[in-house]
Amino acid sequence: MNSLTKEKITFKDIERDFYKIGCEVAKMLLQRFLEEIDLELAGHRDKAVLRHRGKKTTLIKTLMGEVSVDRAIYRKAKDDGSQEYVYLLDEALGMETIGFMSPNLVEKILEYSCEMSYREVAEAVSTLTNQTISHQGVWNIVQAVGEKQIEAEKVLVESFKRNEVTAITLSTYSRRSQIPWGIRPALPMTPIPTSQPSPILTDIPPAMAMTP
């Protein structure tokens, strides 16, 4: 106890140190968990279709910090005779990352971006998580997610024109968009006739609306 008093260690310092220790342990466990799943998938794959082509080390940025994962890559013949390379681990867990960032980290960045500048978001993320990011990195994430959203909406609209989806499906998709509402007005969107209420505006909480 005397040593703590002499060094003037505060509870804030202790909390931060133990948080970092917890993150290091969690990163180790996550790495082991993902690589074990990858091995299991390798053992159950159709070896005649999926040819093992080695492993690739990837650094995934998470709320806990960077996690190094060795993923097996496979070569697969397509119906047209061409070949493609796939990661069974990515397909099994839906690991569609943006800039090798975990979905939880991306969601946190987008959430903060609704109310803060990119510099403030970078500082908040670097302070409240064990992962550092620059304001340019925040901008890149917002733009990448926005582009994905625009492409997804274009595909859905085209499907609607071909009568492959209903207007209800289109409206429901717009309301349940995973992009926080505060980001959407900054993206180029197809204008909606003023004579009709926009389905996108339905059920949007007042706190999430963009102020002029």
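General remarks:
- Using a Förster distance of 22 Å, the FRET efficiency for E111-Q143 (Cβ separation, nearest 0.05): 0.85
- Using only side-chain charges placed at the Cβ, +1 for Lys and Arg and -1 for Asp and Glu, the dipole size of region 1-92 relative to its Cα centre rounds to 260 debye.
- Note: relative contact order over region 1-92, using C-alpha pairs below 8 Å and six or more positions apart, is 24 percent.
- Between M101 and K61, the built amide H atoms are under 5 Å apart, and every one of these is 5 or more places off in sequence or on another chain.
None of the figures in this text is laboratory data; all of them are computed from the coordinates on show. Predicted model only: the values in this text are computed from it and were never measured. Backbone-built Cβ (ideal geometry, glycine too); neighbour counts: all protein chains shown.
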